[in-house]
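Novice: Let me give you the structure first, and then I'll get to my questions.
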Amino acid sequence: MSTAPPLAFPAAHPATGDEHSPAAPLSIHDMTVAYHRKPVLWDVDLDIPAGKLVGIVGPNGAGKSTLIKAVLDLVPKASGRVLIYGKPYRRQRHLVGYVPQRESVDWDFPVSALDVVAMGCYGQIGWLKPVTRRWRDKSLEALDRVGMADFAHRQINQLSGGQQQRVFLARALVQDAQIYFMDEPFAGVDAATEKTIVQTLQDLRARDKTVLVVHHDLQTVPEYFDYVILLNMRVVAHGPTAEVFTNENLQKTYGGRLTLLDEAAEALRRGPGVS
Amino acid sequence: MSWSVFDTWVVVIAALCGCACALVGNYLVLRRLSMMGDAISHAVLPGLAAAFLLTHSRASLPMFIGAAVVGVLTALLTEWIRRFGKVDEGASMGVVFTALFALGLIMIVRGADAVDLDADCVLYGALELAVLDTTTLFGMTIPQPVLTLGTVLLINAAFVVLFFKELRISAFDPELATTLGINAGVMHYLLMTLVAITAVASFEVIGNILVVAMMIVPGATAYLLTERLRSMVLVSLGVAIASAVLGHLAAITVPGWFGFPDTITAGAMAAMAGLIFLVVLLVAPRQGVLSQMAHRLMLSLRIVREDLLGNLYRQEEQAAAAGAYPPHVDAPRWMVRLAVSRLAAEGLIQRTNGHVALTDRGRVAASELLRSHRLWETFLADQMSVRPDHTHRTAERLEHVTDREMRLRLGQDTQAPRLDPQGKAIPPEHPPAT
C-alpha cells in the first residue's frame with residue numbers, strides 16, 4: 001500500500017500537480033501519510049499564499065498535527081512532495097520555524113526559559129559552536145517581546161502553562177523564519193497569553209511571514225485567521241476564511257457520518273479478503 | 001585501616017569509571033532511557049565474546065569495536081521491535097538485551113572457557129585484580145584500567161563539552177532539533193555508542209550490573225539538586241567521585257566492624273551511590289521529601305492561623321463575649337495550639353485567663369480575610385452561578401491565596417457590595433499597612 005487509490009469524492013479545489021505556484025511559501029503536492037497501514041491523511045494538495053495567518057481546523061484525529069509533521073519530515077510520507085518557496089524542504093530548513101505542542105516536551109528538564117529560547121538559534125549558530133552572548137541577547141529580546149523578560153532565568157518547571165507557551169513562541173521568533181508552523185499554541189492558555197499570541201501572529205503577518213496554526217476553537221477562527229484549511233483526513237476545503245469557513249463546509253468536516261473514504265481506509269486496515 | 005598505594009589506585013580507577021559512566025548517564029536519565037543503559041551494558045557481551053574469539057586476545061581496541069557495534073545494534077533492534085512489533089519500549093528492550101546477553105554467555109562458556117573472561121567477572125567485575133594489571137605510560141607504571149578508563153572518560157568529556165547544545169536540544173525537544181538540522185537520531189546513536197564503549201571499559205572493573213548504578217545514580221542524584229544542565233553534569237561528577245572514595249573506605253572498614261574481611265569496592269561503591277541518592281532524596285532543597293513535607297506543614301499551619309483569626313472575628317460579629325478557648329478550627333490540637341502561640345507572639349491576639357481575643361491589629365488582619373472570603377462568595381454566586389449555599393467551602397480555600405491586589409480586583413468585579421449572598425456584612429478594605 002503506498003498511494004491512495006483515486007476514489008471518487010468531490011474535490012474541494014481544482015488544483016492539480018502542475019498548477020502550483022513556484023513562489024508560494026508552502027505547496028503540498030498529493031501528499032498521503034500512513035501510520036502502519038492506516039492512512040491518516042489522503043491526497044493533500046494545496047498552495048498557501050504569503051503573508052497569511054492560516055488556521056488548520058478539524059476534529060480530533062483529523063490529521064492536523066500529522067499534516068505539519070509530514071511537511072517537516074518528522075513523520076514519513078507515503079507519497080507526495082512538499083515545496084517551501086519552490087524548493088524541497090530539506091534545502092529550506094532555515095526558512096521554517098516550528099512550535100510543537102506544549103505537552104511534547106518534558107517541562108521538568110533542567111534548563112531556564114532563556115536556554116529554551118536560545119535553542120531557536122541553534123540552527124543559525126551551527127554545530128559545535130557555543131551559545132555566545134550575542135545569541136543570548138537576541139533570545140532575551142524575544143522573551144521581552146512576549147512579556148517574559150522577567151522570567152528569563154527561571155527554570156521552566158516554575159512557569160505556568162501560558163508562560164511556557166510564550167517561551168515556545170519566543171523560541172520561534174528567534175528562528176527568524178519566513179514560514180511558521182504552530183501546533184495548538186492556544187491550547188490551555190490564559191487570556192493574557194492568548195492576547196500575546198494573537199498580537200505576535202499579527203506582527204509576523206505585518207512582516208509578510210506566513211503562519212500555519214493548528215487551532216481548536218472554532219469561534220475565534222474568523223477573528224484570528226484570514227485563511228483556513230478544513231481537515232478531516234483529507235482537505236475538505238481551503239481558502240480565504242470568509243469564503244471557506246461556512247456552515248456547510250464545517251458540517252462536512254465535523255459531520256459524524258463515515259465517509260466512503262473512511263470506510264475504504266478501515267477496509268484497508270483490516271487487510272484484503274476480510275469484509 | 002591501613003591505606004597503601006594499592007588503595008589509592010583502586011579509588012582512582014573507581015572514580016574514573018564513575019565519572020565516565022555519569023557523563024553519559026545524565027542524558028539517559030534526562031531522556032528517561034535509564035533502562036537503555038542496563039540493556040546496552042548487558043547486550044555488549046556477545047560483542048566482547050566475538051572480538052575475543054576472533055582475535056584470541058583481550059586487546060582493548062577489538063573489544064571496544066565489538067561493543068560499539070552491538071551497542072548500536074541494541075538501540076536499533078529495540079527501536080525496530082517497538083515500531084513493528086507494536087509493543088512498548090520496555091518490552092522490546094527486554095526481548096533484545098536478554099537475547100543478546102544469553103548469546104554472549106553461551107559464547108563465553110562454550111568458546112572462551114579456557115580463558116580468564118569468566119561469568120563471575122561479568123556480574124561484578126574485579127576492581128582489585130584490575131589494579132595488578134599494570135602497563136607503562138611515559139615511563140611510569142600504572143594500572144591498565146587507568147589508561148583505558150581515562151581514555152574513555154576523555155572521549156565522553158569531549159563529547160559532552162563539544163556537543164553540549166546539540167545534546168541538550170536533542171534530549172529536550174528532538175523534533176525541533178531535527179527541523180533545525182540537528183539530527184536527533186544521529187545524536188541518539190552517538191550517545192548509545194558511547195554508552196556501549198563506557199560499559200565495556202567499566203566491565204572488568206565493576207561488572208555489567210553495577211555499571212548501571214554508576215550510569216544512573218549520579219545523574220538521578222544531580223537531577224534532584226540542580227536547575228541547569230551544566231550544574232547537573234558537574235554535580236553528577238561529584239557524586240561519582242564521592243561514591244568511589246566513600247565506597248572504597250566503606251569496603252575496607254565497615255566489614256571489619258562486624259569481624260568480616262574486607263569486601264569488594266565495586267559493590268560498596270554502588271551501595272554508597274545509592275545511599276547518597278537516598279540522603280539527597282530526603283534533604284534536597286526543592287524536590288526533597290523533607291522539604292516538601294515542611295512546605296506542606298507550613299501551608300497547613302498558615303491556614304489554621306488564618307481560620308483562627310477569621311473565626312474570632314465571626315464570634316465578635318455575633319456579639320458573643322470573648323470566645324471560649326479556642327474558637328473551633330478543623331485541625332489537630334497541637335497545630336491549633338502552635339497557631340495560637342504564634343498569633344499571640346505576633347500581637348494579633350491577646351490571651352487573658354484562658355480566653356483569646358483579637359487585638360486591634362488582629363482585627364484588621366481578620367477583617368481582610370473575611371472581606372476576601374465574602375467577596376469570593378459574592379463572585380462565585382453572581383458571576384459563576386454557584387448556588388449561594390455552595391459557595392462557602394470554595395471561598396474558604398480561595399481566601400488563603402488572596403492578596404491585596406487580587407482582593408482589589410475582586411472588589412471591582414463584584415462592584416464592591418456591602419453584603420455577601422447570605423446577607424452578612426463585608427468588612428471594608430483597610431488602607432495598606434505602612
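Novice: Name the residue that is nearest to the other protein chains (Cβ to nearest Cβ), counting only residues in segment A:77-128 that are of a type in the set (G, A, S) and closer than 30 Å to B:L28 by Cα.
Specialist: The qualifying residue nearest to the other protein chains (Cβ to nearest Cβ) is A:G123.
Novice: Go through segment A:42-75 and count every residue that is out of contact with any helix residue (DSSP H, G or I) (no Cβ under 8 Å at 6 or more places or on another chain) and within 14 Å of chain B (Cβ to nearest Cβ).
Specialist: The number of residues fulfilling the criteria is 4.
Novice: Of all residues in segment A:149-186, how many are surrounded by 18 or more Cβ atoms within 10 Å (Cβ to Cβ) and closer than 17 Å to B:E227 by Cβ?
Specialist: Residues flagged as surrounded by 18 or more Cβ atoms within 10 Å (Cβ to Cβ) and closer than 17 Å to B:E227 by Cβ within segment A:149-186 amount to 8.
Novice: May I ask you to list pairs of residues, at least six apart or on different chains, whose Cβ atoms are under 6 Å apart, with the first in segment B:50-71 being at pLDDT 85 or above and the second being surrounded by fewer than 16 Cβ atoms within 10 Å (Cβ to Cβ)?
Specialist: If the second residue must be surrounded by fewer than 16 Cβ atoms within 10 Å (Cβ to Cβ), the pairs left are B:P62/B:T55.
Novice: Which residue, of A:G97, A:G120, is surrounded by 22 or more Cβ atoms within 10 Å (Cβ to Cβ) and touching a strand residue (DSSP E or B) at 6+ places or on another chain (Cβ under 7 Å)?
Specialist: A:G97
Novice: Please verify whether segment B:178-189 includes one or more residues that are away from chain A (no Cβ under 12 Å) and either of a type outside the set (D, E, K, R) or part of a helix (DSSP H, G or I) (or both).
Specialist: yes
Novice: What is the number of the single condition among (1) buried (at least 17 other Cβ atoms within 10 Å of the Cβ); (2) within 14 Å of another protein chain (Cβ to nearest Cβ) that B:I206 does not meet?
Specialist: Tallying (1) buried (at least 17 other Cβ atoms within 10 Å of the Cβ); (2) within 14 Å of another protein chain (Cβ to nearest Cβ), B:I206 fails exactly one: (2).
Conditions (1) part of a loop (DSSP other than H, G, I, E, B); (2) of a type in the set (D, E, K, R); (3) within 19 Å of B:L301 (Cβ to Cβ), marked per residue:
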position: B:L338; (1), (2), (3): no, no, yes
position: B:R361; (1), (2), (3): no, yes, no
position: B:R371; (1), (2), (3): no, yes, no
position: B:T391; (1), (2), (3): no, no, no
position: B:P421; (1), (2), (3): yes, no, no
position: B:P432; (1), (2), (3): yes, no, no
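Novice: Just the residues that are within 10 Å of chain A (Cβ to nearest Cβ), within 20 Å of A:L114 (Cα to Cα) and in a helix (DSSP H, G or I), please, taken from segment B:157-169.
Specialist: Listed by number, the residues that qualify are B:V161, B:F164, B:K165, B:E166, B:R168, B:I169.
Novice: Any idea which residue in segment B:75-100 is nearest to B:D38 (Cα to Cα), counting only those that are among the aromatic types (F, W, Y) and within 14 Å of chain A (Cβ to nearest Cβ)?
Specialist: Only one residue tops the list, namely B:W80.
Novice: Okay, moving on. Restricting the search to segment B:15-56, which residues are more than 16 Å from the chain's Cα centre (by Cα) and hydroxyl-bearing (S, T, Y)?
Specialist: Within segment B:15-56, B:S41, B:T55 meet the criteria.
Novice: Among the candidates B:A271, B:A240, B:A266, B:A250, single out the residue that is at pLDDT 95 or above, assigned by TED's automatic domain parsing to the domain that holds B:R32 and closer than 23 Å to B:V131 by Cα.
Specialist: Answer to the check: B:A240.
The values are calculated or read from the model by the stated rules, or taken from the named source; none is laboratory data. Nothing here was measured: the structure is a model prediction, and the numbers come from that model. FYI the Cβ positions are ideal-geometry reconstructions off the backbone, even for glycines, and counts take in every protein chain you see.
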